[in-house]
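Quick notes on the structure that follows.
The values are calculated or read from the model by the stated rules, or taken from the named source; none is laboratory data. It should be emphasised that the depicted structure is a prediction, and the values quoted were computed from it without experimental measurement. All Cβ positions, even for glycine, are placed from backbone atoms using ideal geometry, and neighbour counts span all protein chains on display. These accessible areas exclude ligands, DNA and RNA; they are computed on the full protein's heavy atoms, side chains included. Shrake-Rupley method; radii C 1.70, N 1.55, O 1.52, S 1.80 Å.
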Amino acid sequence: PRVCVVGSGPAGFYTAQHILKHHGGARVDIYEKLPVPFGLVRFGVAPDHPEVKNVINAFTQTARSERCAYYGNVTVGSDVTVAELRQAYHAVVLSYGAEDNRVLGIPGENLSGVYSARAFVGWYNGLPENRDLKPDLSCETALILGHGNVALDIARILLSPLHLLRKTDITDSSLAALACSKVKRVWLVGRRGPLQVAFTIKELREMINLPGARPVLNPADFTGLENAIKDAPRPRKRLTELLIKTALEKPGEKMMEAQAAAAQAAAPREWGLKFQRSPQEVLPTADGRRARGIRMALTRLEGLGDSAKAVPTGDTEELECGLVLSSIGYRSLPLDPAVPFDTQRGIIPNSSGRVEGVPGLYCSGWVKRGPTGVIITTMNDSFDTAQSVLEDLQLGVLDVSTSREGFGAVESILHSRGVRPVSFSDWEKIDAAEVARGKAAGKPREKIVDPQEMLRLIGH
């Protein structure tokens with residue numbers, strides 16, 4: 001059987017890995033629109049979380065398998081259509097993720113100084129489409145809308161001491177911009193309360209312990225929460241306990257703590273969480289061009305736990321800030337008119353990864369289930385889709401008796417359209433160049449952010 005996977009992020013690679021491991025004869029081709037592989041592992045994971053990027057080693061093993069091939073620099077939907085892929089392969093798996101962000105839908109959202117988290121993360125991680133973002137970091141107060149791990153990542157990058165960032169694979173130009181940054185206060189704002197935050201304890205602890213930055217939590221937000229979490233699941237309980245402890249701790253009760261408190265008080269930077277506030281409008285400067293603040297509706301919660309809804313109370317509040325980052329989630333886009341797409345939910349309608357009404361077409365990852373979860377979530381989800389493909393091969397739902405040409409057929413289509421794919425060994429040349437440039441600067445790598453430069457490097 002010849003299988004093709006569209007997208008080379010974790011979903012694509014885990015799907016390929018599972019099929020190759022459990023079917024001794026299957027061949028899998030992975031298509032990627034960028035020259036470089038690994039999707040959000042390369043472009044989403046924070047530069048100061050190198051351990052999370054270790055999955056790249058496993059993906060590299062998969063790509064080097066003799067039954068797997070990687071074709072970068074190929075945009076499915078334009079360079080080659082899904083219908084053409086379905087002609088060339090027995091099964092096609094769409095694993096292209098979520099390449100857009102949810103919009104706030106409020107006045108002032110397009111003012112200068114307002115950015116999506118997606119674009120900001122892409123900027124400091126070297127995503128080619130965001131390399132020219134040039135965010136304005138000349139204000140003292142930044143406001144991040146959202147209480148997820150991405151929001152904490154951004155706050156941490158904005159407030160981290162430079163000597164820590166210099167040792168990471170953060171891009172050269174964003175490091176230079178952060179070196180001149182005037183931001184020293186970051187507010188993370190959410191529509192709901194402390195019991196609904198979406199970040200995890202590891203990220204919160206890292207933020208609380210960030211050198212040179214102190215947490216500013218309002219004790220009133222956390223009083224009486226101990227009772228509310230008595231029966232909560234353990235991860236939620238531990239997370240809330242850490243928030244309560246941080247908010248209610250009286251500094252200086254012991255001698256050691258007194259010294260710590262003095263160090264904290266002298267911390268030049270600070271961050272805090274604000275709850276039950278929903279953005280209404282980004283307020284413009286007098287010339288109407290830039291963001292100077294944000295007006296928020298105060299909310300009250302209806303319902304309990306994760307299903308609680310934020311309802312406006314009618315009261316509002318204004319907060320001054322020159323930088324607004326909206327971290328309210330990513331969004332998948334339809335790839336090709338031939339593929340069904342649920343625009344409401346932003347996913348391809350499917351059952352266990354089998355695309356509804358299109359036999360032989362599958363999906364995995366965020367385009368299958370929505371943009372939630374960490375790499376391990378995507379791994380399990382991709383194995384689930386791969387299992388559906390394997391079952392359909394076993395049950396004869398996929399007719400393997402007709403031979404399919406696979407890349408042979410696609411290659412001539414690409415050639416006729418003037419598209420030159422990038423192989424995995426081409427990527428390894430780019431990789432080696434990045435690592436060499438990084439070594440010269442004392443970093444694990446210096447990412448190349450211009451696709452044209454990548455292609456020149458491999459002689460395309």
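Tally time: how many residues in segment 12-41 are part of a helix (DSSP H, G or I) and open to solvent by 10 Å² or more (accessible area, probe 1.4 Å)?
Initial filter on segment 12-41 (part of a helix (DSSP H, G or I)): 12-22, 39-41.
Narrowing the set further to residues that are open to solvent by 10 Å² or more (accessible area, probe 1.4 Å) leaves 14, 17-18, 20-22, 39-40.
Matching residues across segment 12-41 total 8.
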Those strands (runs of 3 or more DSSP E) completely within segment 289-340 that have 3 or more residues that are out of contact with any helix residue (DSSP H, G or I) (no Cβ under 9 Å at 6 or more places or on another chain) are 291-302, 309-320
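Residues to consider are 405, 446; find the one that is crowded, with 17+ Cβ neighbours inside 10 Å and not in a helix (DSSP H, G or I). It would help to see each step written out before you state the result.
Working: 405 fails: crowded, with 17+ Cβ neighbours inside 10 Å.
Just one listed residue meets the conditions, 446.
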Looking across segment 365-387 at residues that are farther than 14 Å from residue 94 by Cα and not in a loop (DSSP other than H, G, I, E, B), the single one that is nearest to the chain's Cα centre (by Cα) is 375
When residue 367 is run through (1) open to solvent by less than 50 Å² (accessible area, probe 1.4 Å); (2) of a type outside the set (Ser, Thr, Tyr); (3) touching a Pro at 6+ places or on another chain (Cβ under 9 Å), the failure sits at (3)
Condition met for residue 395 (more than 18 Å from the chain's Cα centre (by Cα), open to solvent by less than 70 Å² (accessible area, probe 1.4 Å) and either aliphatic (A, V, I, L, M) or at pLDDT 95 or above (or both))
no
Picked from segment 176-185 (must be open to solvent by 20 Å² or more (accessible area, probe 1.4 Å) and in a helix (DSSP H, G or I)), the residue nearest to residue 113 (Cα to Cα) is 177
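Condition first: surrounded by 18 or more Cβ atoms within 10 Å (Cβ to Cβ) and in a loop (DSSP other than H, G, I, E, B). Now tell me which residues in segment 342-357 satisfy that.
346, 348, 353
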With criteria (1) touching a Gly at 6+ places or on another chain (Cβ under 8 Å); (2) open to solvent by 50 Å² or more (accessible area, probe 1.4 Å); (3) not in a helix (DSSP H, G or I), residue 169 comes up short on (2)
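Mind checking whether some residue in segment 154-164 is assigned to a helix (DSSP H, G or I), touching a residue at least 24 places away in the same chain (Cβ under 8 Å), open to solvent by less than 10 Å² (accessible area, probe 1.4 Å) and charged (D, E, K, R)? Walk me through how you get there before you give the answer.
First, the residues of segment 154-164 that are assigned to a helix (DSSP H, G or I): 154-159, 162-164.
Restricting the remaining residues to those that are touching a residue at least 24 places away in the same chain (Cβ under 8 Å) gives 154-159, 164.
Filter once more, keeping what is open to solvent by less than 10 Å² (accessible area, probe 1.4 Å): 154-159.
Narrowing the set further to residues that are charged (D, E, K, R) leaves 156.
Among the residues of segment 154-164, at least one is assigned to a helix (DSSP H, G or I), touching a residue at least 24 places away in the same chain (Cβ under 8 Å), open to solvent by less than 10 Å² (accessible area, probe 1.4 Å) and charged (D, E, K, R), which makes the answer yes.
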Checked segment 19-39 for anything without any contact (Cβ under 8 Å) to a residue 60 or more places away in the chain and of a type in the set (A, V, I, L, M, F, W, C); matches are 20, 28, 30, 38
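May I ask you to list the residues in segment 70-113 that are open to solvent by 20 Å² or more (accessible area, probe 1.4 Å), among the small types (Gly, Ala, Ser) and in contact (Cβ under 8 Å) with a residue 12 or more places away in the chain? Spell out how you get there, then give the answer.
Within segment 70-113, the first condition is being open to solvent by 20 Å² or more (accessible area, probe 1.4 Å), and the residues that meet it are 71, 73, 75, 77-79, 81, 83-84, 86-87, 90, 96, 99-112.
This time we only want the ones that are among the small types (Gly, Ala, Ser), so: 77-78, 83, 105, 108, 112.
Matches in segment 70-113: 77, 83, 108, 112.
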Of the candidates 210, 239, 188, the one satisfying the condition of being farther than 26 Å from residue 279 by Cα and crowded, with 18+ Cβ neighbours inside 10 Å is 210
If we keep only residues of segment 243-285 that are in contact with a helix residue (DSSP H, G or I) (Cβ under 6 Å, 6 or more places away or on another chain), open to solvent by 30 Å² or more (accessible area, probe 1.4 Å) and at pLDDT 65 or above, then the residue nearest to residue 187 (Cα to Cα) is 269
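Does residue 390 satisfy the criteria of being farther than 18 Å from residue 28 by Cβ, over 25 Å from the mean Cα position of the chain (by Cα), assigned by the TED database to the domain that holds residue 16 and of a type in the set (A, V, I, L, M)? Working first, answer last.
Values: farther than 18 Å from residue 28 by Cβ: no; over 25 Å from the mean Cα position of the chain (by Cα): yes; assigned by the TED database to the domain that holds residue 16: yes; of a type in the set (A, V, I, L, M): yes.
Here the answer is no, as residue 390 does not meet what is asked.
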If I filter segment 379-389 for residues that are in contact (Cβ under 8 Å) with a residue 60 or more places away in the chain, within 24 Å of residue 40 (Cβ to Cβ) and open to solvent by 60 Å² or more (accessible area, probe 1.4 Å), do I get at least one hit? yes
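Output yes when any residue across segment 129-139 is under 30 Å from residue 394 (Cβ atoms) and more than 19 Å from the chain's Cα centre (by Cα), and no when none is.
Quick first cut of segment 129-139, residues under 30 Å from residue 394 (Cβ atoms) only: none.
No, segment 129-139 has no match at all.
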